[in-house]
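Worksheet: the structure to be examined is printed underneath.
The values are calculated or read from the model by the stated rules, or taken from the named source; none is laboratory data. Note that the coordinates shown come from a computational prediction; the quantities given were computed from them, not determined experimentally. All Cβ positions, glycine included, derive from the backbone under ideal geometry; neighbour counts span all protein chains shown.
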Amino acid sequence: MQLLDGKLVSQSIKDSLKTKLIEAQSKGAKIPHLAAILVGNNGASETYVASKVKNCAEIGFKSTLIRLEESIDEEKLIDAIQQLNADNDIDGILVQLPLPKHINEEKIINVIHPGKDVDGFHPISVGKLVQGLPTFVSATPYGIMLMLEHYNIETKGKHAVVIGRSNIVGRPASILLSRNTNPGNCTVTLCHSHTKNLKELCLQADIIVAALGKPGFLTADMVKENAVVVDVGITRVPDAAKKSGFAIKGDVDFANVAPKCSYITPVPGGVGLMTIAALLMNTYNASLQK
Ligand code: GUN
């Protein structure tokens, strides 16, 4: 069993972005600039956005964090996005999800200019993804593909089972894995809460992407020998032994599944770090389009 090391791979992506940036700047290129909008005080969202901002600084990108009150109305949030759309120095815009219940996420995502949609959530970005056209790809599935690529994992003709059909991870991951690319060319089964024979399907899988947000859901009896297991779960579970009061748990019962795998991602230290590296890649590419 080999660990798919998100720390190592994300660092190598960040190092190469840093080198590219220094070279581009010597030729007068602009500094990539990411704008993040955080609405309210959701603890997990605060952590993710802080990490995105910190990573931008680490590799020499500019970032702007816009914090808005939980009670903000839709129109004000739309105004904030439109200002960023019109600002020539801003290359990428992300609105951290989830948004408060009174705000329609779909409507908000539609306001982001597709040329600055570094999260790849806009319908134009998703449409291009489905058609195999160049576009911004949602950072978590993009990070998974970069991970598979880094470890040279053979995906062609393999059966990939993706558990979870969210717009952010499961669905785009299923599309990326099925595309005529390397990595890609998988036969994909997209499973969800209404899938009847999940265990049987998982047992047929060469690659499993667990992205349903249920800690420890994928157990050893659901995984065949030598499978590749990618764990997207990052649920906070109470843990009195931790200073923060919680531990981060993946969707995979790691201790029992790992011995059966050819490759597996740890949590933490796997896909989460790749998500940030992929977002930085998207932001860099957005800045090149200027
Ligand atoms: N919430 C969970 N994952 C993400 C992400 O990749 N981008 C944004 N904007 N919100 C998220």
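Can you find a residue that is at positive phi and out of contact with any Ser or Thr (no Cβ under 8 Å at 6 or more places or on another chain) anywhere in the range 237-259?
yes
Name, by its number, the condition in (1) of a type in the set (A, V, I, L, M); (2) within 15 Å of the ligand (Cβ to nearest atom); (3) touching a residue at least 24 places away in the same chain (Cβ under 8 Å); (4) out of contact with any helix residue (DSSP H, G or I) (no Cβ under 8 Å at 6 or more places or on another chain) that does not hold for V53.
Unmet condition: (3).
Quick one: is L201 under 29 Å from F61 (Cα atoms), more than 16 Å from the ligand (Cβ to nearest atom), surrounded by fewer than 20 Cβ atoms within 10 Å (Cβ to Cβ) and not polar (S, T, N, Q)?
Considered against the rule, which asks whether it is under 29 Å from F61 (Cα atoms), more than 16 Å from the ligand (Cβ to nearest atom), surrounded by fewer than 20 Cβ atoms within 10 Å (Cβ to Cβ) and not polar (S, T, N, Q), L201 comes out as no.
For residues that are closer than 30 Å to Q204 by Cβ and in a loop (DSSP other than H, G, I, E, B), scanning just the range 225-246, find the one that is nearest to the chain's Cα centre (by Cα).
It comes out as V232.
Can you go through S262, S244 and tell me which one is modelled with pLDDT under 95 and among the hydroxyl-bearing types (S, T, Y)?
Of S262, S244, the one residue that is modelled with pLDDT under 95 and among the hydroxyl-bearing types (S, T, Y) is S244.
Please indicate, with yes or no, whether at least one residue in the range 247-255 is among the aliphatic types (A, V, I, L, M), part of a loop (DSSP other than H, G, I, E, B) and touching a residue at least 24 places away in the same chain (Cβ under 8 Å).
no
Would you confirm, using the coordinates I've provided, whether K14 is surrounded by 14 or more Cβ atoms within 10 Å (Cβ to Cβ) and either of a type in the set (K, R) or touching a helix residue (DSSP H, G or I) at 6+ places or on another chain (Cβ under 8 Å) (or both)?
yes
Go through the range 91-135 and give me each residue that's surrounded by fewer than 16 Cβ atoms within 10 Å (Cβ to Cβ), within 17 Å of T283 (Cβ to Cβ) and aliphatic (A, V, I, L, M).
none
Table: residues versus (1) farther than 17 Å from Y263 by Cα; (2) part of a loop (DSSP other than H, G, I, E, B); (3) touching a Phe, Trp or Tyr at 6+ places or on another chain (Cβ under 6 Å).
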site	(1), (2), (3)
N182	yes, yes, no
L190	yes, no, no
K196	yes, yes, no
C202	no, no, no
A205	no, yes, no
V209	no, no, no
G213	yes, yes, no
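Can you tell me which residues in the range 87-145 are within 13 Å of the ligand (Cβ to nearest atom) and either at positive phi or without any contact (Cβ under 8 Å) to a residue 24 or more places away in the chain (or both)?
Those that are within 13 Å of the ligand (Cβ to nearest atom) and either at positive phi or without any contact (Cβ under 8 Å) to a residue 24 or more places away in the chain (or both): E105, I109, G120, H122, S125.
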